[in-house]
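Each remark here refers to the structure printed beneath this line.
The values are calculated or read from the model by the stated rules, or taken from the named source; none is laboratory data. These figures come from a predicted structure and were not determined experimentally. Note: ideal-geometry Cβ built from the backbone for every residue, glycine included; neighbour counts use all protein chains shown.
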Amino acid sequence: MNHDAYPDNYIRGILNSVKSIAMVGASPVNVRPSYFAFKYLAQRGYDMIPVNPGHVGKELIGKPFVASLADIGRPVDMIDIFRNSSHIMPVVEEALALDPLPKVIWMQLGARDDAAAEKAEAAGIKVVMNRCPKIEYGRLSSEISWMGVNSRTLSSKRPPAPTQGMQLSLNRTSVGGGHTAAADRAAKNKTEQS
Amino acid sequence: MSDRLPGFSTLAVHAGAQPDPTTGARATPIYQTTSFVFNDADHAASLFGLQSFGNIYTRIGNPTNAVLEERVAALEGGTAALAVASGHAAQVVVMQQLLQPGDEFVAARKLYGGSINQFSQSFKSFGWNVVWADPDDIASFERAVTPRTKAIFVESIANPGGSITDIEAISTVARKAGVPLIVDNTLATPYLIKPIDHGADIVVHSLTKFLGGHGNSIGGVIVDAGTFDWSKDGKYPMLSEPRPEYHGIKLHETFGNFAFAIACRVLGLRDLGPALSPFNAFLILTGIETLPLRMQKHCDNAKAIAEFLSGHSAVASVSYAGLASDKYNQLARKYSPKGAGAVFTFSLKGGYDAGVSLVSKLTLFSHLANVGDTRSLVIHPASTTHSQLDDAAKVRSGAGPDVVRLSIGIEDKEDLIADLEQALGA
Ligand SMILES: Cc1ncc(COP(=O)(O)O)c(C=O)c1O
């Protein structure tokens, strides 16, 4: 997998197939990006599990925190890692010790560890790095367009009507749209410098 | 088919728009409403807290305007955009995110006269201090940078003279200074020049001109290239520091490479208030669908007319970068190979009086203060758009007393040439 630019179908396939997501580094503080993403994904129907040893005993929108992936006690489809690049490897190693293995390991916007990705991919796990699942969901459902964001998709098909209020579904067919080459280059340069 | 990169004309028609999910309407509906109902209290709270994407109130966002925003973002190759009430509103909203009172920005001296006024008069009263530099002398930008500099501002093709800016050279200065480069791309449009490909971090437009293109709607837009790191040194607290009005969230951390566009919306548009009417957004969107066709015709006509004028005995000089003899022709070939735009100036041997006489004799060209209409337009900048400048500043910005500005429309060029010929002749 080329981790600089993912095909939309790869991301769409992941977001359409996973049902449960364990978010490592989730924060109960309601102004943190991880809180926004957690709540958004829960509202889109994903079975969300907050993982953070510092908050065991607390809840995030009603879901109890667990200390580690091993403590979840049931299979999970995707691990979403909300940690800096330097903390990725131990989480991936923990994920690789799970039975059954997760299908996807996702590293948040700003986080990237190519060695960890290689390890996970060698075990047959799909990897996404330096992306936010909330933004990708919003982009591929075109919901993010309400904020004037370039969804980089085009479609002449009538999308399914929103099911709950203004929540759009991912079942929208589209083709690649306008690209953001300059922003992608800037992100790549930043990764290479750090 | 997936992940093909569509061409410019496809994006001009499709980007941002899709059939309406509930009615199947294919053209973008005009959502002529002030407000949008919430699903429940929790939904309302999450929208106000910036936790969900969605519509609240048309001063902050509107679905028709959103289609326009995404379309311009796609055409410019940016991550996101924000539509506002005018080109001038776009400039205020951009600077509000970047400058604190006492800060400075460097601007090219060759700008639309209204921008020169806005920067040197209105912005001064906000404590935002402009420092002028000469786009023909890149070193003057370097010399103008101080520790308080927060941005550099240029026009890609400058109004009124039609000169072409060396965006890459100026973006190198901006990078070295650690500040974003803002490019006003109004006169070029992304059909001719895509400033982000040449190092711009923010692009602004007066949509009033070629993008809308039909002289019927005022509008403006801000495009975020997604290239600038707002958090690296604390120079941009609006983006990097916790925002008290949003429970302490940090916009750059939360919105990543489209944080600038979000800041312009949730701090700028929300608080300063220059919202674009959805009806204007609809008219401008319709205009953009034919931008590639119109812009090529504008440029082809302009070149033919510039050539005609340079051969006319009453004309002292023509300043059009599309002419091989022009000072800016090399830059035009590099930055704007499809054409050098359709706004340019020429000067008359008969000076001020000849200019006034020409304007009064033209019968197809309309005498008015705008550019970028389907119709051909003419104006005498020294007595109108640039009249507030002193004489030296008029000459410096390419609007001396003998100068006439044309904005060439998409009529038949033979008719435009005939009109100029009769008005220059007798
Ligand atoms: C290059 C340029 N920038 C900005 C503006 C201001 O735009 P508006 O009139 O939409 O406020 C104009 C208007 O003439 C312009 O020509």
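Details
- Of residues in the stretch B:146-170 being part of a helix (DSSP H, G or I) and surrounded by fewer than 22 Cβ atoms within 10 Å (Cβ to Cβ), the one nearest to the chain's Cα centre (by Cα): B:Glu168
- B:Ala85 within 16 Å of the ligand (Cβ to nearest atom) and surrounded by fewer than 24 Cβ atoms within 10 Å (Cβ to Cβ): yes
- For the stretch B:104-154, taking the residues that are among the acidic types (Asp, Glu) and under 15 Å from B:Ala174 (Cβ atoms), the one that is nearest to the ligand (Cβ to nearest atom) is identified as B:Glu104.
- Among residues of the stretch A:113-136 being assigned to a helix (DSSP H, G or I) and facing chain B (nearest Cβ under 10 Å), the one that is nearest to B:Gly16 (Cα to Cα) is A:Ile135.
- Of residues in the stretch B:41-65 being over 15 Å from B:Arg270 (Cβ atoms) and within 8 Å of chain A (Cβ to nearest Cβ), the one nearest to the chain's Cα centre (by Cα): B:Pro63
- Residues within the stretch B:214-246 that are of a type in the set (Gly, Ala, Ser) and within 16 Å of the ligand (Cβ to nearest atom), tallied: 4
- Scanning the stretch B:164-191 for residues that are more than 11 Å from the ligand (Cβ to nearest atom) and touching a Pro at 6+ places or on another chain (Cβ under 7 Å) yields B:Thr165, B:Ile167, B:Ala174, B:Tyr191.
- Note on the stretch B:382-414: residues that are surrounded by fewer than 14 Cβ atoms within 10 Å (Cβ to Cβ), at pLDDT 95 or above and assigned to a helix (DSSP H, G or I) total 1.
- Looking only at residues of the stretch A:24-50 that are among the aliphatic types (A, V, I, L, M) and in contact with a strand residue (DSSP E or B) (Cβ under 9 Å, 6 or more places away or on another chain), we find that the one that is nearest to the other protein chains (Cβ to nearest Cβ) is A:Val31.
- For B:Arg265: the one exception among (1) touching a residue at least 40 places away in the same chain (Cβ under 8 Å); (2) outside the structural domain of B:Arg375 (by TED's automatic domain parsing); (3) within 16 Å of the ligand (Cβ to nearest atom): (3)
- Reported count of residues in the stretch B:224-251, each being among the aromatic types (Phe, Trp, Tyr) and within 8 Å of another protein chain (Cβ to nearest Cβ), is 2.
- Residue within the stretch A:8-19 that is over 25 Å from A:Thr180 (Cα atoms), more than 12 Å from chain B (Cβ to nearest Cβ) and in contact with a strand residue (DSSP E or B) (Cβ under 7 Å, 6 or more places away or on another chain) present: yes
- Test: B:Ala66 is more than 12 Å from the ligand (Cβ to nearest atom), of a type in the set (A, V, I, L, M) and either assigned to a helix (DSSP H, G or I) or surrounded by fewer than 24 Cβ atoms within 10 Å (Cβ to Cβ) (or both): yes
- Spans of strands (runs of 3 or more DSSP E) in the stretch A:1-107 with at least 1 residues of a type in the set (Asp, Glu): A:47-51, A:78-81
- Qualifying residue in the stretch B:203-213 (condition: within 18 Å of B:Phe105 (Cβ to Cβ), crowded, with 24+ Cβ neighbours inside 10 Å and within 9 Å of the ligand (Cβ to nearest atom)): yes
- Across the stretch A:153-169, the qualifying residues are those that are crowded, with 16+ Cβ neighbours inside 10 Å and at pLDDT 85 or above, and the one among them that is farthest from the other protein chains (Cβ to nearest Cβ) is A:Thr153.
- Selected residue (criterion: surrounded by the most Cβ atoms within 10 Å (Cβ to Cβ)) from residues of the stretch B:4-27 that are closer than 29 Å to A:Leu41 by Cβ and in contact with a helix residue (DSSP H, G or I) (Cβ under 6 Å, 6 or more places away or on another chain): B:Gly16
- Here B:Glu76, B:Glu104, B:Glu70 are screened, and the one residue that is under 28 Å from B:Pro29 (Cβ atoms) and more than 7 Å from chain A (Cβ to nearest Cβ) is B:Glu76.
- In the stretch B:21-36 there is no residue matching the filter, namely being at negative phi, assigned to a helix (DSSP H, G or I), more than 7 Å from chain A (Cβ to nearest Cβ) and not acidic (Asp, Glu).
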